[in-house]
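Participant: The structure's right below; bear with me while I get my questions together.
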Amino acid sequence: MKIKAAVTHGQGQEFTLEEVDLAAPKANEVLVKIVATGVCHTDAVARDAAIAPLPAVLGHEGAGIIEDVGEGVTRFAKGDHVVLSFAHCGHCDNCLTGHPAVCETFNDLNFGGVNDDYTHRLSQDGEQLSTFFGQSSFGTFAVVHERNVVKVDPDVDLALLGPLGCGIQTGAGTVLNKLKPEFGSTIAIYGAGAVGLSAVMAAKIVGCKMIIVVDVNDSRLELAKELGATHAFNGLKTNVVEEIKKLTKGGNKYAIDTTGVPPVVRQCLQALRPLGVAAIVGVTPEMTIDVHNDLMAEGKTMVGVIEGDAVPNVFIPQLVEYYKAGLFPFDKLVKFYDFDQINEAFEASKKGEAIKPILRVQ
């Protein structure tokens, strides 16, 4: 079938809306009419650093409606409202023990440019186009393996829900699934973007006594306080480690770095109390840490977390329920753009003018 998609033809090039061909769903796949899709920093990295084969149709925070199902699909039917999440094999040891975000073939299935069976569904003028995260949601339709698909409550605005498939899931899941802070504990969150602010809301849900947010944008710090942060520090104006240790009488117990900025990662470690745990979710370049003083000498733990260590089919409906109950108001992060404003949305995200842009595709 012919669809309209935002095509990335070369490294660093702007998105262009073009007509492309989408093959029919095969066994265990579904055809989804994309209603809206989030804009994520990972899409920008894929475009600018070519971490996936190009040309490609990017996009990996899709939300839409089931249009058709392939052979063997029994969990979904035409008309179901769904969110699309990351691809995983479903049968490796990590998938089978509840950790699909560290699937043994995660990189192949999400960044390799192919669908689950290692073939393509997208093409243009006879040339194959790469798929991204097993979905390529920057298009009017997508063919997705049923494992990547999460059925959601049809009474909730579907256009809002796409970012639950990646960025918001990552922030909230790092708190709720991985760190699991005790009621009354302290947590510091570095970076007040969509991932960091989702972590703030999750920390409030579990009852952290102190939720400290560090960023360099005062307006984002104000929003963090609105969403549940008890303290907010501008990293350009404050000695963050000194202030946190003073405030918490020795350091916070848990921390999350969403920035990927090496000096900030070190702050994240240095402000921990002995036996503290830091989760690193930002894409961080090669850096140096003082293993003895920053980590080992005080029994601290530094752990990487992907996609909030979530099982999307379990976790995303839980986040929707928190949202419906007024406990997870992630809609306050969102700014909508029309599909043909995709380049404007990416620029607004880069400049910090929009925390979580969402493209209305249909």
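The values are calculated or read from the model by the stated rules, or taken from the named source; none is laboratory data. In this text, all values refer to a predicted model and were calculated from it rather than measured experimentally. When we count neighbours, we look across all protein chains shown, and the Cβ atoms used for this are built from the backbone with ideal geometry, even at glycine.
Participant: Restricting to region 275-325, and then to whatever is in a helix (DSSP H, G or I) and hydroxyl-bearing (Ser, Thr, Tyr), can you tell me which residue is farthest from residue 156 (Cα to Cα)?
Facilitator: My answer is 322.
Participant: Tell me which of these residue 193 doesn't satisfy, since it passes every other one: (1) buried (at least 24 other Cβ atoms within 10 Å of the Cβ); (2) in contact with a strand residue (DSSP E or B) (Cβ under 9 Å, 6 or more places away or on another chain).
Facilitator: For residue 193, the exception is condition (1).
Participant: Let me ask another. Just wondering, is there one or more residues in region 246-258 that are modelled with pLDDT of 95 or more and in contact with a His (Cβ under 7 Å, 6 or more places away or on another chain)?
Facilitator: Looking for residues that are modelled with pLDDT of 95 or more and in contact with a His (Cβ under 7 Å, 6 or more places away or on another chain), one finds at least one in region 246-258, hence yes.
Participant: OK, next. Take region 223-255 and flag every residue that is within 26 Å of the chain's Cα centre (by Cα) and hydroxyl-bearing (Ser, Thr, Tyr).
Facilitator: Answer for region 223-255, where residues must be within 26 Å of the chain's Cα centre (by Cα) and hydroxyl-bearing (Ser, Thr, Tyr): 230, 254.
Participant: Among the residues of region 90-119 satisfying the criterion of being touching a residue at least 24 places away in the same chain (Cβ under 8 Å) and not in a helix (DSSP H, G or I), which is farthest from residue 60 (Cα to Cα)?
Facilitator: Step one: filter region 90-119 for residues touching a residue at least 24 places away in the same chain (Cβ under 8 Å), giving 90, 98-102, 106, 109-113, 115-117.
Now restrict to residues that are not in a helix (DSSP H, G or I): 90, 98-99, 112-113, 115-117.
Numbers: 90: 18, 98: 21, 99: 19, 112: 14, 113: 12, 115: 13, 116: 15, 117: 18 Å.
Top of the filtered list is 98.
Participant: Taking the condition in contact with a helix residue (DSSP H, G or I) (Cβ under 7 Å, 6 or more places away or on another chain), under 17 Å from residue 196 (Cα atoms), crowded, with 17+ Cβ neighbours inside 10 Å and among the β-branched types (Val, Ile, Thr), does residue 284 pass?
Facilitator: Taking the combined requirement at face value, the residue does not satisfy it.
Participant: Only one residue in 205, 211 is among the β-branched types (Val, Ile, Thr), surrounded by fewer than 20 Cβ atoms within 10 Å (Cβ to Cβ) and farther than 27 Å from residue 285 by Cβ, so which one is that?
Facilitator: Result: 205 is the single residue among 205, 211 that is among the β-branched types (Val, Ile, Thr), surrounded by fewer than 20 Cβ atoms within 10 Å (Cβ to Cβ) and farther than 27 Å from residue 285 by Cβ.
Participant: Also, quick follow-up: Of the residues 235, 251, 308, 228, which is in contact (Cβ under 8 Å) with a residue 24 or more places away in the chain, under 30 Å from residue 136 (Cβ atoms) and of a type outside the set (S, T, N, Q)?
Facilitator: Step by step, each of 235, 251, 308, 228 is checked, and only 308 is in contact (Cβ under 8 Å) with a residue 24 or more places away in the chain, under 30 Å from residue 136 (Cβ atoms) and of a type outside the set (S, T, N, Q).
Participant: Taking only pairs six or more apart or across chains, which ones have beta-carbon atoms under 6 Å, a first residue in region 262-279 that is farther than 12 Å from residue 294 by Cβ, and a second residue that is of a type in the set (Val, Ile, Thr)?
Facilitator: Final answer for the pair search is 277/301; 279/174; 279/256; 279/303; 279/305.
Participant: Conditions: (1) surrounded by fewer than 24 Cβ atoms within 10 Å (Cβ to Cβ); (2) more than 23 Å from residue 225 (Cβ to Cβ); (3) small (Gly, Ala, Ser). Residue 185 meets all but one. Number of the miss?
Facilitator: Failing condition for residue 185: (2).
Participant: Being modelled with pLDDT of 95 or more, exposed (fewer than 15 other Cβ atoms within 10 Å of the Cβ) and basic (Lys, Arg) narrows it down to one of 324, 351, 300, so name that one.
Facilitator: The match here is 324.
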